[in-house]
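Trainee: Have a look at the structure that comes next, please.
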Amino acid sequence: MMQDGSPAEGAQTAAVHVQRFAVAFEYPVYFTERLFDPANPVLVEALARLEPERRHRCLVFLDDGLLRCRPGLGQQIADYARAHASRMRLVCPPLPVPGGERIKSELFFVEQMQQRFYEHNIDRHSYVIAIGGGAVLDAVGLVAAVTHRGVRLIRVPTTVLAQDDSGVGVKNGVNLYGVKNFVGTFAPPFAVLNDFDLLSALAPRDKIAGIAEAVKVALIRDGVFFTWLERHANGLLTFEHAAMAEMIRRCAELHLHQIAYGGDPFETGSARPLDYGHWSAHKLESLTKHHVRHGEAVAIGMALDARYSVLAGLLAAGQEERICALLEHLGFRLWHPAFESRRPDGSLAILEGLREFREHLGGELTVTLLADIGRGVEVHEIDDGRMRAAMTWLQERDRTP
Ligand SMILES: NC(=O)c1ccc[n+]([C@@H]2O[C@H](COP(=O)([O-])OP(=O)(O)OC[C@H]3O[C@@H](n4cnc5c(N)ncnc54)[C@H](O)[C@@H]3O)[C@@H](O)[C@H]2O)c1
Ligand SMILES: [Zn+2]
């Protein structure tokens with residue numbers, strides 16, 4: 001720069017225009033029953049939300065685990081579309097896809113689904129309807145998000161976990177190189193349709209697993225809901241209609257509230273407030289090659305981090321017992337032998353989960369612990385020795401009859 005303020009000859013100058021705009025997202029989350037009964041208007045209402053006059057083209061993917069329990073479901077959906085033929089049309093009969101983690105772990109399925117989009121000329125005004133557990137929703141969601149840079153996705157979650165947690169949120173993803181959700185996007189759906197009736201065929205194990213996410217969100221956000229869960233534990237255990245439906249709805253609402261008002265819906269910062277108990281849970285899932293369900297792993301992870309919170313002086317002693325008692329009452333076992341797996345250098349493999357948890361986001365390690373039942377607190381350091389002590393506590397508890 002010359003003394004008179006003009007750039008020196010040959011000096012580099014840069015012009016910058018700061019581009020800024022905001023996009024508001026909005027999607028309805030319905031709670032209904034018998035979604036595919038032609039008398040139920042929810043699906044067709046959701047489809048026609050923006051363009052009521054159009055006849056909407058739909059490509060439907062169906063979780064084959066659900067289909068095994070409800071063999072007539074594909075036909076029922078076709079009948080529903082026929083009954084509402086003026087507003088919707090299926091481009092082909094509903095297509096079964098593998099349920100469970102397999103669909104997320106073999107990229108072949110992603111490519112196969114993408115091919116169906118191509119064959120049926122699915123464009124940005126068509127709809128993809130994903131009906132299934134969290135795994136199917138994650139995989140179809142990814143394909144919908146990247147094909148034509150985003151096709152409208154309607155999610156119909158069919159597990160408790162997908163209805164109260166994963167299916168109502170804004171994320172999708174598949175696994176690669178053995179890393180969970182290594183490839184994925186943030187992509188809000190067009191609508192989410194929770195049909196309580198679809199849960200009836202679920203295996204008891206899967207029904208219970210989804211309750212873990214309700215305990216989680218209660219622990220970090222809502223002490224009153226935690227007490228409600230304690231009071232209704234018996235009803236939840238037996239899958240009593242009113243208790244279960246209320247639990248799903250309240251959990252989904254708390255989840256949605258965090259996304260809308262937490263200030264970081266696409267997780268650009270280092271915090272993962274909804275992931276209490278998840279750093280060890282994700283690692284446990286991969287150490288057991290997904291033999292442990294996500295919810296089962298989260299139950300163990302929450303118990304572990306509750307005890308750690310006490311040892312770190314954050315949570316009053318005794319509260320961890322209360323948390324473990326509820327989880328056990330609900331039928332969760334709070335220990336898994338994979339916690340003892342060691343890496344070749346002798347270190348505990350589960351602790352590797354902390355590093356992977358940080359790497360997923362980059363930036364600073366941020367783990368949510370508990371300051372109280374109903375109040376999460378973020379910490380940026382975890383002491384290995386103290387974490388090992390928390391594990392020993394869990395293991396000894398498990399051995400005590
Ligand atoms: N996107 C997110 O924000 C998010 C959040 C949490 C978890 N997840 C993902 O969700 C997945 C776990 O989902 P999940 O717990 O729903 O289990 P899942 O999708 O693995 O399904 C479990 C089993 O239930 C079967 N099934 C599904 N619905 C059924 C029904 N109604 N009746 C009978 N069987 C049925 C499936 O075929 C499968 O065999 C994991 O991959 C996890 O990473 C995603
Ligand atoms: Zn979870």
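The values are calculated or read from the model by the stated rules, or taken from the named source; none is laboratory data. Values in this document were obtained by computation on a predicted structure and should not be read as measured data. Every residue, glycine as well, gets a Cβ built from its backbone with ideal geometry; the counts of neighbours run over all protein chains shown. Accessible surface is based on the protein model in full, side chains and every heavy atom, while ligands, DNA and RNA are left aside. Shrake-Rupley method; radii C 1.70, N 1.55, O 1.52, S 1.80 Å.
Trainee: (1) at pLDDT 95 or above; (2) open to solvent by 10 Å² or more (accessible area, probe 1.4 Å); (3) out of contact with any Phe, Trp or Tyr (no Cβ under 6 Å at 6 or more places or on another chain); (4) away from ligand 2 (no atom under 13 Å from the Cβ): which one isn't true of Ser270, the others all being true?
Mentor: Condition (1) is where Ser270 drops out.
Trainee: Additional query: Would you check if there is a residue in region 208-219 being within 15 Å of ligand 1 (Cβ to nearest atom), under 17 Å from the mean Cα position of the chain (by Cα) and surrounded by fewer than 24 Cβ atoms within 10 Å (Cβ to Cβ)?
Mentor: Yes - at least one qualifying residue is present in region 208-219.
Trainee: Which ones in region 228-240 are in a helix (DSSP H, G or I) and either basic (Lys, Arg) or at pLDDT 95 or above (or both)?
Mentor: Trp228, Leu229, Glu230, Arg231, Ala233, Asn234, Gly235, Leu236
Trainee: Cβ-Cβ below 7 Å, separation at least six or inter-chain, first residue in region 151-168 and hydroxyl-bearing (Ser, Thr, Tyr), second within 16 Å of ligand 2 (Cβ to nearest atom): which pairs?
Mentor: Thr158/Gly133; Thr159/Gly133; Thr159/Gly134; Thr159/Asp206; Thr159/Gly210; Ser166/Gly134; Ser166/Leu137
Trainee: Right, next: Filtering region 177-227 down to residues that are in a helix (DSSP H, G or I) and farther than 30 Å from Val367 by Cβ, which residue is nearest to ligand 2 (Cβ to nearest atom)?
Mentor: Ranking the qualifying residues of region 177-227, first place goes to Leu199.
Trainee: Going through region 177-193 one residue at a time, which ones are within 11 Å of ligand 1 (Cβ to nearest atom), closer than 30 Å to Arg34 by Cβ and open to solvent by 10 Å² or more (accessible area, probe 1.4 Å)?
Mentor: Within region 177-193, Ala187 is the sole residue that qualifies.
Trainee: Going through region 104-152 one residue at a time, which ones are outside any helix (DSSP H, G or I) and within 16 Å of the chain's Cα centre (by Cα)?
Mentor: The answer is Ala130, Ile131, Gly132, Gly133.
Trainee: Hey, could you check region 153-176 for residues that are part of a loop (DSSP other than H, G, I, E, B) and within 27 Å of His120 (Cα to Cα) and say which is nearest to ligand 1 (Cβ to nearest atom)?
Mentor: Among residues in region 153-176 that are part of a loop (DSSP other than H, G, I, E, B) and within 27 Å of His120 (Cα to Cα), the one nearest to ligand 1 (Cβ to nearest atom) is Thr158.
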